[in-house]
Amino acid sequence: MTGPQLDPAGRRAQVAAGLAAVERRIAAACVAAGRRRDAVTLIAVTKTFPAGDVRHLAALGVRDVGENKVQELAAKAADGAYAGLRLHLIGRLQSNKAALAGALTDVVHSLDRAKLIAGLVRGAEEAGRSLTVLLQVSLDGDPQRGGVPVEGVPDLARAVLDSPLRLGGVMAVAPLAIDPAVAFARLRAVSDSVLELAPGAGMISAGMSADLEDAVANGATHLRVGSAILGSRPPLG
Ligand SMILES: *Cc1c(COP(=O)(O)O)cnc(C)c1O
């Protein structure tokens with residue numbers, strides 16, 4: 001038997017093993033890239049997994065967790081699962097959920113249109129939070145999967161800089177049709193252009209279970225890793 005339906009001690013051991021394996025991969029990728037391990041933050045992506053898994057991760061020393069759906073995140077937040085953790089929203093954001101996202105999260109990785117800013121600001125202000133946002137960049141220009149096209153990045157960056165939100169940097173998911181190393185090199189160039197507008201905005205959120213080594217090699221500061229730690233998700237997760 002695998003997955004969260006194990007008894008708590010068995011599941012804790014399983015999560016610990018997944019986390020250790022990912023930590024070894026990150027350490028090796030940092031050595032290969034000549035980067036310090038502490039230059040890279042691991043975000044454990046807990047989408048579709050129960051609040052109990054978030055608690056196992058916290059007990060194992062994880063400090064950053066990510067979710068892709070505001071509703072699921074709100075349910076686990078109500079359960080108290082994220083206490084003491086930094087919470088990252090990594091999934092596509094609808095404007096009618098922006099205020100709730102702003103109220104509950106620390107970092108929103110998926111800002112891809114200026115229309116979301118007002119709701120995020122309102123939610124963060126009402127909750128008394130300081131919210132960091134990353135610009136999600138579409139590296140193949142296909143708007144289907146979310147992300148602002150590269151040409152739209154400067155205007156979106158300026159819109160954030162004109163708001164009370166903190167511009168943290170950029171985020172991308174490597175498009176299926178592009179070699180992740182090429183995609184992440186492109187993202188690094190976008191990051192350089194954002195740094196010219198906002199010298200503090202150096203976060204680069206890139207890399208998932210399948211391509212974290214390419215992300216580390218191309219300057220990622222934040223990795224979003226789910227299945228390599230927690231196991232496979234049900235389809236459509
Ligand atoms: C699910 C998800 C991840 C993690 O993917 P894995 O392949 O499970 O590591 C990373 N980023 C985003 C945007 C996701 O939706």
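The values are calculated or read from the model by the stated rules, or taken from the named source; none is laboratory data. What you see is a predicted model; the values in this text were computed from it and never measured. Counting neighbours? That spans all protein chains shown, and the Cβs are built from the backbone with ideal geometry, glycine included. For the accessible areas, the whole protein counts, side chains as well, though only heavy atoms, and no ligand, DNA or RNA atoms are used. Shrake-Rupley method; radii C 1.70, N 1.55, O 1.52, S 1.80 Å.
Contact map, the range 64-77: first residue over 16 Å from Leu120 (Cβ atoms) and outside any helix (DSSP H, G or I), second residue away from the ligand (no atom under 12 Å from the Cβ) and open to solvent by 30 Å² or more (accessible area, probe 1.4 Å), Cβ cut-off under 6 Å, separation 6 or more or different chains; pairs are Asp64/Thr41; Asp64/Arg86.
If you scan the range 207-237, which residues turn out to be within 9 Å of the ligand (Cβ to nearest atom), assigned to a strand (DSSP E or B) and either surrounded by fewer than 20 Cβ atoms within 10 Å (Cβ to Cβ) or not aliphatic (A, V, I, L, M) (or both)?
Arg224
Could you check, for the range 55-72, whether at least one of its residues is over 26 Å from Ala217 (Cβ atoms), modelled with pLDDT of 95 or more, open to solvent by less than 60 Å² (accessible area, probe 1.4 Å) and more than 14 Å from the ligand (Cβ to nearest atom)? The answer is yes; a qualifying residue exists. Take Leu19 and decide whether it is in contact (Cβ under 8 Å) with a residue 12 or more places away in the chain and surrounded by 13 or more Cβ atoms within 10 Å (Cβ to Cβ). Yes: the conditions hold for Leu19.
Of all residues in the range 192-206, one or more are open to solvent by less than 10 Å² (accessible area, probe 1.4 Å), in a helix (DSSP H, G or I) and more than 14 Å from the ligand (Cβ to nearest atom).
Among the criteria (1) more than 16 Å from the ligand (Cβ to nearest atom); (2) open to solvent by 10 Å² or more (accessible area, probe 1.4 Å), the one Val153 does not fulfil is (2). Residues satisfying the criterion are present in the range 2-14 (criterion: modelled with pLDDT of 95 or more and either within 17 Å of Val225 (Cβ to Cβ) or assigned to a strand (DSSP E or B) (or both)). Restricting attention to the range 113-123, does a residue exist that is touching a strand residue (DSSP E or B) at 6+ places or on another chain (Cβ under 8 Å), closer than 21 Å to Lys69 by Cβ and assigned to a strand (DSSP E or B)? No, that holds for no residue. Only a single criterion out of (1) within 15 Å of the ligand (Cβ to nearest atom); (2) modelled with pLDDT under 95; (3) in a loop (DSSP other than H, G, I, E, B) is not satisfied by Ile178, namely (1).
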